[in-house]
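Please read the structure below before turning to the comments.
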Amino acid sequence: MRLLVDVGNTQVKYVFQATEDTSTLSDIVYLDYQSFQAQLSQGKFSEVSAVILANVHGNAVHDSIEKWAALNNIAFVQVHSTAKAFGVTSSYLQPERLGVDRWLAMIGAKQIYPQQNLLIIDAGTATTVDVLDANGQHCGGWIMPGVQTLFDSLLTRTSKIIATPKTSASLSFGMNSSNCLNHGSWAMTIGAIKEAIIQANSQLILDKVLITGGNGQAIANLMTDTCQLEPKLVFHGLSCFQVS
C-alpha cells in the first residue's frame, strides 16, 4: 500500500493507494502538522510500502516523513514540478517555479479527463486557476488569495471592522460588518472564477470546470451549474509517480 501525502500551507492531507489503479484511492484525511507527525510515530502507517509526497510548506514535515521512511525501510520520493509529465506540458519558462499542487492537479485532471479543455480551480489558502487544453498544454493561470486569506487580510489592515469567520458560505448581502466581510470574501472568489471562465473560453472552448481544495465543496455549492467537484485531483496526480 502506498501513502500519498499533500502538505499544504495550513494542513496535511493524505490518502492510501491500495494498488497502482487510481480508482483505489481512499478517502482524504485532513490533519494539522503536529497530528500527522504524531501518527508517523504511533504506527498508523505500518502497512505502507512507499510514500509519495507533495510539499508547498516548509521542511519540517518533509524531514519527519523522510526520516521515518528511512528508519522503517520504506521507499520515499518527493514530487517536484517539471517541464513535462504524464501528458501535461508546463507554460512556465522556469517550470520548477510552478507550485507542485497546481502541477499535480493538472496531471490528475488530465488522467481523469483526457482530450478535454479544462479550467482547474484549487481553492484553499490560495485560490489558483489553471487552463489546460485538450493536448495537455498548460495555457497559464492565476494565483489569488483564498477566501480566509481575503477575510484575514482586511482585518489586519483595518481597525474598526469587527468580524468573525463563518463556516458557511453565502453570497447574500450582509446586515452587519461580520456578514458583509464573510460574504464579500466569497463573492470576490466566485466573481473571479466566473471571470476566469470567460477568459478561458476566449482562448478555447471549455469542456469542464473542475474545482478542488479545502473550499472546493462550498464553491461547488455556490456554482452548481458550472463547477464539477473533484476533491482528489492532486492525489490522482501523485498516484502517477513511482518510487525508483
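The values are calculated or read from the model by the stated rules, or taken from the named source; none is laboratory data. Only a predicted model underlies this, so the values are computations on that prediction, with no experimental measurement involved. Cβ: placed from backbone, ideal geometry, glycine included. Neighbour counts: every protein chain shown. Quick note on the areas: whole protein, heavy atoms, side chains included, nothing else; ligands and nucleic acids left out. Shrake-Rupley method; radii C 1.70, N 1.55, O 1.52, S 1.80 Å.
The table below lists the values:
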quantity: Solvent-accessible area, 1.4 Å probe, carbon plus sulfur percent, for the chain; calculated: 52 percent
quantity: Cα-based shape type of the range 67-168, given that a ≥ b ≥ c are square roots of the gyration tensor eigenvalues and the cut on a/c is 1.5; calculated: oblate
quantity: Residues S153 and S64, FRET efficiency given R0 of 30 Å [Cβ-Cβ distance, rounded to 0.05]; calculated: 0.50
quantity: Net charge of Cβ neighbours under 10 Å - reference A54; Lys, Arg +1; Asp, Glu -1; calculated: -1
quantity: Net dipole in debye of the chain [+1 Lys, Arg Cβ; -1 Asp, Glu Cβ; about Cα centre; nearest 20]; calculated: 420 debye
quantity: Selection of chymotrypsin sites (Phe, Trp or Tyr not before Pro), the range 109-196, meeting DSSP coil and at most 14 other Cβ within 10 Å; calculated: F173
quantity: Heavy atoms of I161 accessible to a 1.4 Å probe, total area in Å² rounded to 10; calculated: 60 Å²
quantity: Antiparallel DSSP beta bridges within the range 1-126, percent to nearest 5; calculated: 55 percent
quantity: Relative contact order %, the chain, counting alpha carbon pairs below 8 Å whose residues are six or more apart; calculated: 19 percent
quantity: Most to least accessible of C139, C227 (protein chains only, probe 1.4 Å); calculated: C139, C227
quantity: Label assignment, mean projected area of the Cα convex hull in nm² derived from the structure, set (i) 17.9; (ii) 12.5; (iii) 14.2; calculated: (iii)
quantity: Rounded to 5, percent antiparallel among DSSP beta bridges of the chain; calculated: 55 percent
quantity: 21 Å Cα-Cα threshold exceeded, pairs from K166/K194; K44/K67; K13/K44; calculated: K166/K194
quantity: Accessible area expressed per residue, the range 152-215, with surrounding protein chains retained (probe 1.4 Å, Å²); calculated: 61 Å²
quantity: Ranking by accessible area, most exposed first, for E66, E230, E47 with a 1.4 Å probe; calculated: E47, E66, E230
